[in-house]
Amino acid sequence: MVSEKELEVGVLSPFYVLRHEGLVDFDKLFNEVTGWFESNKYKLLIKNITHSKKPDGGEIKIELIADKEVSPYIKFKAYVEMILLRGREVAVEKAGKKQRLRKGDLDVRIKTSYEKNHKGTFSKANFQEFLRQVYEKYIAKNVILGYEIKLWKEGNELIAVIKDALESFK
């Protein structure tokens, strides 16, 4: 359990990093990740998509931000960044079908956190801040811990989805 003074608490923090070298179906990976967020009822925002060509191959970077309200007091947040470096298009034959994949170095960075008092139930006034800390420390301690565990499990589910998608490229 963390300090009651913090309003945003990282669970997978600062980042969980997955590295993959080799073949990547970037579209499939993107669809798997966004599908996981949708099936878990997160509001998803595609913050940034960049694609640049370089002499050693292309670079693709996608940033996703997701959140969902799990209670009137707690909101889950997730950040996923997928970066493919030195990505060159290659044609690969799998199960008798030709596919266009990318070969390169992929980094997937995942960060999850939860925000307490996201609706401003307790204001920032000194007395209200004292009440918020008492509420979190004594009244809702186990409830908040339960949400922290739930977010940790969801973060690990997302990691498993990404690992499964990356394993299918081997």
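The values are calculated or read from the model by the stated rules, or taken from the named source; none is laboratory data. Keep in mind the model is a prediction, meaning the values are calculated, not measured. Here the Cβ positions follow ideal geometry from the backbone for every residue, glycine too, while neighbour counts run over all protein chains shown. Ligands, DNA and RNA are stripped out before the accessible areas are found, and what is left, the full protein with its side chains, is counted by its heavy atoms. Shrake-Rupley method; radii C 1.70, N 1.55, O 1.52, S 1.80 Å.
Can you give the accessible area of Ser71, probe radius 1.4 Å, in Å² rounded to 10?
Ser71 exposes around 20 Å² with every protein chain in place.
Return the lysines within reach of Lys141: Cα separation strictly under 17 angstrom, same-chain partners fewer than 8 residues apart disregarded; answer none if there are no such residues.
Output for Lys141: Lys5, Lys75, Lys116, Lys150.
Lys77: accessible area at probe 1.4 Å, nearest 10 Å²?
60 Å²
Please find the FRET efficiency linking Glu89 to Glu63, where r is the Cβ-Cβ separation and R0 is fixed at 25 Å, and quote it to the nearest 0.05.
Rounded to the nearest 0.05, the efficiency is 0.65.
Work out the FRET efficiency for Lys54 and Asn156 from their Cβ-Cβ distance, taking R0 = 30 Å, and round it to the nearest 0.05.
0.30
Determine the dipole magnitude for the range 99-170: charges of +1 sit on the beta-carbon of Lys and Arg, -1 on that of Asp and Glu, nothing else is charged, the reference point is the Cα centre, and the result goes in debye to the nearest 20.
In debye, rounded to 20, the range 99-170 gives about 140.
Cα to Cα, under 22 Å, and not fewer than 8 places away if on the same chain: which lysines meet these conditions relative to Lys61?
Lys28, Lys43, Lys47, Lys53, Lys77, Lys103, Lys111, Lys163, Lys170
Please list His118, His20 from largest to smallest accessible area, probe radius 1.4 Å, with all protein chains kept in place.
Output order, biggest surface exposure first: His118, His20.
Putting +1 on Lys and Arg Cβ atoms and -1 on Asp and Glu Cβ atoms, find which of Gln128, Leu151, Asn40 reaches farthest to the positive end of the dipole of the chain.
The one lying farthest along the dipole's positive direction is Asn40.
How do Arg19, Arg109 rank by accessible surface area computed with a 1.4 Å probe, from largest to smallest?
The most accessible residue leads, giving Arg19, Arg109.
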